[in-house]
1. Can you tell me how many residues in segment B:1-30 are in contact with a Ser or Thr (Cβ under 7 Å, 6 or more places away or on another chain) and at pLDDT below 55?
2. Among the residues of segment B:130-154, which ones are assigned to a helix (DSSP H, G or I) and farther than 19 Å from residue B:118 by Cα?
3. Among the residues of segment B:125-136, is any within 17 Å of residue B:58 (Cβ to Cβ), out of contact with any Pro (no Cβ under 7 Å at 6 or more places or on another chain) and surrounded by 14 or more Cβ atoms within 10 Å (Cβ to Cβ)?
4. Check off (1) more than 24 Å from residue A:38 (Cβ to Cβ); (2) of a type in the set (S, T, N, Q); (3) surrounded by 22 or more Cβ atoms within 10 Å (Cβ to Cβ) for residue B:55 and give me the number that stays unchecked.
5. Quick one: would you say residue B:52 is modelled with pLDDT of 90 or more and within 15 Å of the chain's Cα centre (by Cα)?
6. If I ask for residues that are part of a helix (DSSP H, G or I), exposed (fewer than 15 other Cβ atoms within 10 Å of the Cβ), more than 14 Å from chain B (Cβ to nearest Cβ) and not hydrophobic (A, V, I, L, M, F, W, C), which ones from segment A:25-44 would you list?
Amino acid sequence: MHLVKRLSAASLILTAIVLLTACPSQTTISKINADPARYRNKEVGVVGVVRDSYGVLGTGAYELDDGTGRIWVATRRGVPSRGARVGVKGRVYTGFNWGGRNLGTVLEESDRRTKDR
Amino acid sequence: MGEKPSAQTPDKRLIVESLDREFARLHVRSCAIVERMTDATLYVSDAGATSAGESILRCAAEIERTFGGITANLWDDPFEWTLPEHLSSKSKILEHLSEVEALRQRAFASFSDDSCLSKHVATPSETQPLVELLLRTLLRASDQQAQARARFRY
């Protein structure tokens, strides 16, 4: 019985560790842009409105605005339409350039939910 | 009239050429960063941090792995042969960057038109369209290069 309790406690702790490390921390775009090094290569979640989007051959990028700032999100599926409110989970990368323009910090989308308005 | 469009007609390679330009710019920027360092400062870093030289090598490694995979199905991490011990001077790093750039150019020369970018490529971890693989490589390589720039303040 004692062993069962111990195993249950251990499995609970393990589950908590897995869940806590697997969940991206929801943050604001201004926090990411203010200190990209802190978030670099980490998975984060942000919610905002799509301001601009470019898609090509099923891949593309869109600019997300959460009211605190804007960030470009690189996606591997179709881009959401302008004005859509989305929640994005993704990894933070820095120093992305395109067409001679420095897009700065970019989020590589791993999951996306479209929010009901 | 009757002129047959070649396989590499410019308007059919708009996206390929756009990606080509971005990778070329990345190479030029990497070389410029290395040029501004000295042999002595290549691998100098704060405790625990990656040096500018290592970040440049990691940037090149992202490109080498992708284009080595595309051209010769070699998806190995080039880490082993790009150790600071082997590439101990600016000239050796620049030579290595040129080799990686030549590999990349060979791969791009084989992309006849934009439709190639929709083809799926089997990497060791997943199968994905070529355009995704290229954009992801560009994103990760740029990130490493940004680290090099941040570490090496000139």
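1. Keep residues of segment B:1-30 that are in contact with a Ser or Thr (Cβ under 7 Å, 6 or more places away or on another chain), which gives B:7-8, B:26.
Checking which are at pLDDT below 55 leaves us with B:7-8.
Total meeting the criteria: 2.
2. Kept after step one, since they are assigned to a helix (DSSP H, G or I), are these residues of segment B:130-154: B:130-151.
Residues satisfying the conditions are B:140, B:141, B:142, B:143, B:144, B:145, B:146, B:147, B:148, B:149, B:150, B:151.
3. Here is the first cut: in segment B:125-136, the ones within 17 Å of residue B:58 (Cβ to Cβ) are B:136.
This time we only want the ones that are out of contact with any Pro (no Cβ under 7 Å at 6 or more places or on another chain), so: B:136.
Now narrow it down to the ones that are surrounded by 14 or more Cβ atoms within 10 Å (Cβ to Cβ): B:136.
Scanning segment B:125-136, I find at least one residue that is within 17 Å of residue B:58 (Cβ to Cβ), out of contact with any Pro (no Cβ under 7 Å at 6 or more places or on another chain) and surrounded by 14 or more Cβ atoms within 10 Å (Cβ to Cβ), so the answer is yes.
4. Tallying (1) more than 24 Å from residue A:38 (Cβ to Cβ); (2) of a type in the set (S, T, N, Q); (3) surrounded by 22 or more Cβ atoms within 10 Å (Cβ to Cβ), residue B:55 fails exactly one: (1).
5. Working: modelled with pLDDT of 90 or more: yes; within 15 Å of the chain's Cα centre (by Cα): no.
The answer is no for residue B:52.
6. Step one: filter segment A:25-44 for residues part of a helix (DSSP H, G or I), giving A:29-34, A:36-39.
Retained after the next criterion (residues that are exposed (fewer than 15 other Cβ atoms within 10 Å of the Cβ)): A:30, A:34, A:37-38.
Okay, now just the ones that are also more than 14 Å from chain B (Cβ to nearest Cβ), so A:30, A:34.
The one that is part of a helix (DSSP H, G or I), exposed (fewer than 15 other Cβ atoms within 10 Å of the Cβ), more than 14 Å from chain B (Cβ to nearest Cβ) and not hydrophobic (A, V, I, L, M, F, W, C): A:30.
Rundown of residues vs (1) small (Gly, Ala, Ser); (2) free of Cβ contacts under 8 Å to residues at least 40 places away in the same chain; (3) within 14 Å of another protein chain (Cβ to nearest Cβ), yes/no style:
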position: B:38; (1), (2), (3): no, no, no
position: B:55; (1), (2), (3): yes, no, yes
position: B:94; (1), (2), (3): no, no, no
position: B:102; (1), (2), (3): yes, yes, no
position: B:107; (1), (2), (3): yes, no, no
position: B:113; (1), (2), (3): no, no, yes
position: B:123; (1), (2), (3): no, no, yes
position: B:129; (1), (2), (3): no, yes, yes
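The values are calculated or read from the model by the stated rules, or taken from the named source; none is laboratory data. Since we're looking at a predicted model, the values are computed, not measured. When we count neighbours, we look across all protein chains shown, and the Cβ atoms used for this are built from the backbone with ideal geometry, even at glycine.
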